[in-house]
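Novice: My structure is below; once you've seen it, I'll send some questions.
Just so it is clear, none of the values below were taken in a lab; they were calculated from the coordinates. Here the structure is a predicted model, which is why all the values come from computation and not from measurement. As a convention, Cβ positions derive from the backbone with ideal geometry for all residues, glycine included, and neighbour counts pool all protein chains shown.
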Amino acid sequence: MNYSNTIVTGDCSKILQNLEENSIDLTLTSPPYDNLRNYKGYKFPFEEIAKEIFRVTKDGGILVWVVADATVAGTETGTSFKQALYFKEIGFNLHDTMIFKKQNPIPQIYRKRYNNEFEYMFVFSKGIVKTHNPILVDTLHGGLELKGTTYKNYSKGEQKRGKEAKPVKDKKVKGNIWEYVVGKKAEDQEAKGHPAPFPVALARDHILSWTNRGDTVLDPMCGSGTTCKTAFELGRNYIGIDISEEYCHLAKNRISSAQLTFEI
Ligand SMILES: C[S@@+](CC[C@H](N)C(=O)[O-])C[C@H]1O[C@@H](n2cnc3c(N)ncnc32)[C@H](O)[C@@H]1O
């Protein structure tokens, strides 16, 4: 079935079975975290979903799984690690364990632990990564001409300067801890009505990093449609699935008012 550029209501473990194998360049998604939130119509057969995502991913394609753990009876569940290891077991490479750091984390009641301010972004690849457009950031000492090193020959009592080092580059590849403000920007306010959207900027950074224009981006638990809307804006095809009719409606509305932008 051709679901290109649509939002589909249903259980993704079933809907994904209709997608062609090796057809998706990037899956960017965030599952329900343990039982933290009671989503409408909640049903989450993780292992079936994981196998389907692997099947539909192209060789060299990427899965970004954004997840955190609940703390139950005094201990973190560790579900996110179990899921990460399961993805490895079914054939994905664990390409990078990245961190989504929240600049404005929700304050928590003090329970002898530090405030939780991050989620994992497990990046998996099916074989060797086929597309990486690295995000560059400014270097701290960009343009600075470092002085040459002084060498001293003690036996001869001589001292000479080695050759001048090259100027420090202005840009370097960004690190794997990405920091965002959650829920405050106008583009994020559109997702109101969903309890756990991720920032549009996070979706943008991953889509630009792992895909090119015309590629296909999947979010099998698309919620308010952040991944799909951003994929559309960046000239990628999208497929969104959510079990909740209400969230699918929200996602469709967001996409219908989105504009194509002219980034890569
Ligand atoms: C953490 S939220 C995703 C939020 C999304 N990233 C956004 O930006 O709005 C998880 C979503 O999974 C959906 N969901 C739960 N079980 C599902 C299933 N079996 N199939 C499809 N969607 C499911 C929930 O309705 C919820 O919207």
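Novice: Lysines within cross-link reach of Lys169: Cα-Cα under 22 Å, excluding same-chain residues under 8 positions apart?
Specialist: Straight-distance partners of Lys169: Lys147.
Novice: Given the Cα-Cα distance of Glu20 and Lys166 and 0.36 nm per residue of separation, how much length would full extension add, in nm?
Specialist: Taking 0.36 nm per residue and subtracting the Cα distance, the gain is 47.5 nm.
Novice: Show that you can apply the helix-only estimate: for the chain, add -39,500 (n - 2.57) for every DSSP H stretch of four or more residues, divide by all residues, and state [θ] at 222 nm to the nearest 500.
Specialist: Estimated from H runs of four or more residues: -6500 deg cm²/dmol.
Novice: I've got another one for you. Could you give me the ³J(HN,Hα) list for segment 104-119, computed from phi with Karplus coefficients 6.51, -1.76, 1.60 and θ = phi - 60°, whole Hz, x at Gly and Pro?
Specialist: Here the 3J(HN,Hα) series is 10, x, 5, x, 10, 5, 5, 10, 6, 9, 6, 4, 6, 10, 8, 10 Hz.
Novice: Picking from Thr9, Val137, Asn153, whose Cα lies most toward the positive end of the charge dipole for the chain (charges on Cβ: Lys, Arg +1; Asp, Glu -1)?
Specialist: It is Asn153.
Novice: Still on this structure, please answer the following. I'd like the Karplus ³J(HN,Hα) series for segment 86-103: coefficients 6.51, -1.76, 1.60, θ = phi - 60°, whole numbers in Hz, and an x wherever there's a Gly or Pro.
Specialist: Ordered by residue, 3J(HN,Hα) equals 5, 4, 5, 4, 8, x, 6, 8, 7, 6, 7, 9, 9, 10, 9, 9, 8, 6 Hz.
Novice: Still on this structure, please answer the following. Under the Kirkwood approximation for Rh and a Cα-based Rg, what ratio Rg/Rh is obtained for segment 174-264?
Specialist: Across segment 174-264, the Cα-based Rg/Rh ratio is 0.94.
Novice: In the chain, what % of DSSP beta bridges are antiparallel (nearest 5)?
Specialist: 55 percent
Novice: Under the rule of at least 5 residues apart or a separate chain, name every residue whose amide H is placed under 5 Å from the amide H of Met221.
Specialist: So Met221 has HN proximity to Ser30, Ile241.
Novice: While we're looking at this one, here's another question. Against the longest principal axis of the chain, how steep is helix 46-56, in degrees 0 to 90 to the nearest 10, with axes from Cα atoms?
Specialist: With rounding to tens, the tilt is 70 degrees.
Novice: Tell me, Trp178, Trp65, Trp210 in order of fewest to most beta-carbon neighbours within 10 Å?
Specialist: Trp178, Trp65, Trp210
Novice: While we're on this one: Assuming 0.36 nm per residue, please report the length gained on full extension of the stretch His249 to Glu89 beyond their Cα-Cα distance.
Specialist: 54.1 nm
Novice: Per residue of segment 130-139, what does 6.51 cos²θ - 1.76 cosθ + 1.60 with θ = phi - 60° give for ³J(HN,Hα)? Whole Hz please, x for Gly and Pro, Karplus curve as stated.
Specialist: 8, 9, 9, 9, x, 7, 9, 10, 5, 7
Novice: Measure nothing fancy, just the Cα-based angle from helix 245-256's long axis to the longest principal axis of the chain, in degrees from 0 to 90, nearest 10.
Specialist: The two axes meet at around 50 degrees.
Novice: A follow-up question, please. With the calculation restricted to Cα positions, what are the radius of gyration and Dmax of the chain in angstrom?
Specialist: Using the Cα atoms of the chain, the pair Rg, Dmax is 22.2, 83 Å.
Novice: Provide Rg over Rh for segment 58-189; use the alpha carbon set for both Rg and the Kirkwood Rh (inverse mean inverse pair distance).
Specialist: On the Cα set of segment 58-189, Rg over Rh gives 1.18.
Novice: Amide H neighbours of Glu179 under 5 Å, at least 5 residues apart or on other chains, H built in the peptide plane: list them.
Specialist: Lys101
Novice: So, one more: Modelled label-to-label distance, Asp138 and Val72, 7 Å Cα→beta-carbon offset: nm?
Specialist: Once both label points are built, they end up 4.6 nm from each other.
Novice: Ok, one more. Taking R0 as 35 Å, what FRET efficiency do you get between Gln259 and Asp96 from their Cβ-Cβ distance, rounded to the nearest 0.05?
Specialist: 0.70
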